[in-house]
Amino acid sequence: MTKLMAESLVLQNALGLDESKLQTIQQALKNFAASTVNAAVPLIERREKPDMVRRYMEPIGLSYDGKIKKFI
């Protein structure tokens, strides 16, 4: 099971939704993940400073820890 599938199931169960909503949840998570990667890749390839990365990623809902070089 992929991380995305596991998170979809957790969200479905937490919201008390039936099995028919699982596909919708998975698609929304895939879209979010793709948007995040598409926004982050150019910044990382250009080796932007952590402040610049944060400025672009925070509107997406993520923050960037430049010290450990991870999105949180």
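Taken together, the values in this text are just the output of simple stated rules run on the coordinates, not laboratory data. Quantities reported herein were computed from a predicted structural model and do not represent experimental measurements. Cβ placement follows ideal geometry from the backbone for every residue including glycine, while neighbour counts extend to all protein chains displayed.
Going residue by residue through region 30-44, is there one that turns out to be of a type outside the set (V, I, T) and touching a Ser or Thr at 6+ places or on another chain (Cβ under 8 Å)?
Kept after step one, since they are of a type outside the set (V, I, T), are these residues of region 30-44: 30-35, 38-40, 42-43.
Subsequent filtering for residues that are touching a Ser or Thr at 6+ places or on another chain (Cβ under 8 Å) retains none.
Scanning region 30-44 turns up no residue that is of a type outside the set (V, I, T) and touching a Ser or Thr at 6+ places or on another chain (Cβ under 8 Å).
Using the structure shown, decide if A6 is under 11 Å from the mean Cα position of the chain (by Cα), of a type in the set (A, V, I, L, M) and exposed (fewer than 14 other Cβ atoms within 10 Å of the Cβ). Steps first, answer last, please.
Details: under 11 Å from the mean Cα position of the chain (by Cα): no; of a type in the set (A, V, I, L, M): yes; exposed (fewer than 14 other Cβ atoms within 10 Å of the Cβ): yes.
No; evaluated as a whole, the condition is false for this residue.
Out of (1) of a type outside the set (A, V, I, L, M); (2) surrounded by 12 or more Cβ atoms within 10 Å (Cβ to Cβ); (3) over 20 Å from T2 (Cβ atoms), what's the single condition that is false for Q26?
(3)
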